[in-house]
Amino acid sequence: MEVVTTVQEMRQAVARARAAGARIGFVPTMGALHEGHGALVDASVAECDVTVVSIFVNPLQFGPAEDFHKYPRDLEADKAFCQARGVDFIFAPSEKEMYPEPPRAFVEVEELTAGLCGAFRPGHFRGVTTVVTKLFHIVMPDVAYFGQKDYQQLAVIRRMVDDLNFPVEIRGVPTVREADGLAMSSRNRYLNPEERRAATALYRGLTAAKALLEQGERNADRVRQRVREELAKEPLVREQYVEVVDADDLSQVSYIDGRVAVAVAAFVGTTRLIDNIVFDPSAERTE
Ligand code: AMP
């Protein structure tokens, strides 16, 4: 495994691999890697000849009051993690390497970014789509892997790639959870033991919603209410939103007659966590 820090070296390394006929898999991350990232890496290593993992805490996607400066960074642990899983290249550029000048060009996906997290994190998705565009142009992968855990992000990237004809296949990977159901996240390490226990309320809420849906409930408000009840039981948890949205275009749904995502965001103490499930009434299956 090689750790590459410049755009030029990364381009050269990928060009050599491609010239040798390799199919390139790419996993963009912000580091502090955990088993959720691991599932993306494993999928890439299984399906591609060469796997590139980027580790870059992207300042463009953090709001001024958000956790950019305290976001966990541990490149040494991340290197060992990637090496053990068969990664070929880590791309870990500095901020200066990615943004030598203050950027003046951005990529923006409309409408899908208006609701859910987009409503509470202005500019966040513009930061994500801009950095993912840059990374795609640097790595030029055949396939790129994103977690279903960040459901809106996955939908927004898919739409960007479709609308703008990016020559890359996007693969969504199911959410990896702790034994008690908490979705794995680099931000979970902010939680103290009491908050860590309370944080399971998000999954409990979604599990209750899933049970309702599987019993045949199709009224989105009643499903949302059921999630809210679970969040409200935990004094350390403060709901930001609970929404039922169309699984593809993320528009709000009132009667559930197609594939939907039930998505939740909540603060646990000062840590903001998100989670979701996807329900397909025709398949009666919940992911
Ligand atoms: P991040 O480092 O948080 O930006 O995440 C990098 C990628 O890993 C994104 O595509 C995330 O959706 C994905 N990811 C993060 N946590 C999980 C998880 N628990 N299960 C599956 N994918 C995840």
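Key figures for this structure:
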quantity	calculated
Cut-off 12 Å (backbone N to label point 7 Å along Cα→Cβ of residue 75), residues of the stretch 28-55	55
Among the listed pairs 70/134; 96/134; 96/149; 149/210, those beyond 21 Å (Cα-Cα)	70/134; 96/149
Electrostatic dipole magnitude of the stretch 2-173 [Cβ: Lys, Arg +1; Asp, Glu -1; Cα centre; debye, to 20]	140 debye
For the chain: relative contact order, % (alpha-carbon pairs under 8 angstrom, 6 or more apart)	16 percent
Solvent-accessible area, 1.4 Å probe, carbon plus sulfur percent, for the chain	49 percent
Among 17-27, 99-109, 56-66, the order from most to least packed when residues are scored by Cβ within 10 Å on average	17-27, 56-66, 99-109
Diffusion constant of the chain at 25 °C, which comes from Stokes-Einstein with the Kirkwood Cα-pair radius and 0.890 mPa s, µm²/s	124 µm²/s
Cα gyration tensor shape for the stretch 2-173, rounded if a/c is under 1.5, else prolate or oblate	rounded
Accessible area expressed per residue, the chain, with surrounding protein chains retained (probe 1.4 Å, Å²)	47 Å²
Sequence-distant residues sharing a close amide H with residue 173 (under 5 Å, placed H)	146, 147, 148
Student exercise, the chain dipole from Lys, Arg, Asp, Glu Cβ charges, in Debye to nearest 20	420 debye
Dipole magnitude of the stretch 1-94, debye to nearest 20 (Cβ charges: Lys/Arg +1, Asp/Glu -1, about Cα centre)	280 debye
Potential extension, residue 99-residue 20 segment - 0.36 nm per residue separation minus Cα distance	25.4 nm
Sorted largest first, extent of the stretch 186-286 alpha carbons per principal axis (Å)	41, 24, 19
Net charge of Cβ neighbours under 10 Å - reference residue 32; Lys, Arg +1; Asp, Glu -1	+1
Computed label-point distance, nm, for sites residue 252 and residue 169 using a 7 Å Cα→Cβ extension	3.7 nm
Neighbourhood net charge (11 Å Cβ-Cβ; Lys/Arg +1, Asp/Glu -1) for residue 197	-3
Residue-by-residue Karplus 3J(HN,Hα) for the stretch 151-159, coefficients 6.51, -1.76, 1.60, Hz, glycine and proline x	4, 5, 4, 4, 5, 5, 5, 4, 5
Relative contact order, percent, the stretch 186-286 [alpha-carbon distance under 8 Å, six or more residues apart]	27 percent
Per-residue HN-Hα couplings for the stretch 43-54 [Karplus 6.51, -1.76, 1.60; θ = phi - 60°; Hz; x = Gly/Pro]	5, 5, 4, 6, 9, 10, 7, 10, 10, 10, 10, 9
Helical mean residue ellipticity (222 nm; -39500 (n - 2.57) per DSSP H run of 4+; nearest 500) of the chain	-11000 deg cm²/dmol
Signed unit charges on C-beta, dipole axis of the chain, positive-most listed residue 87, 175, 77	77
Potential extension, residue 158-residue 233 segment - 0.36 nm per residue separation minus Cα distance	23.4 nm
Cut-off 18 Å, label 7 Å out along Cα→Cβ of residue 286, residues of the stretch 221-247 by amide N	221-233, 242-247
Shape category assigned to the stretch 13-104 from the gyration tensor of Cα positions, a/c cut at 1.5	oblate
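The values are calculated or read from the model by the stated rules, or taken from the named source; none is laboratory data. Small disclaimer: the values here were computed from a predicted structure and weren't measured. A quick note on method: Cβ atoms are made from the backbone with ideal geometry, for glycine too, and the neighbour counts reach across all protein chains shown. Remember, those area values only see protein heavy atoms, side chains included, never the ligands or the DNA or RNA. Shrake-Rupley method; radii C 1.70, N 1.55, O 1.52, S 1.80 Å.
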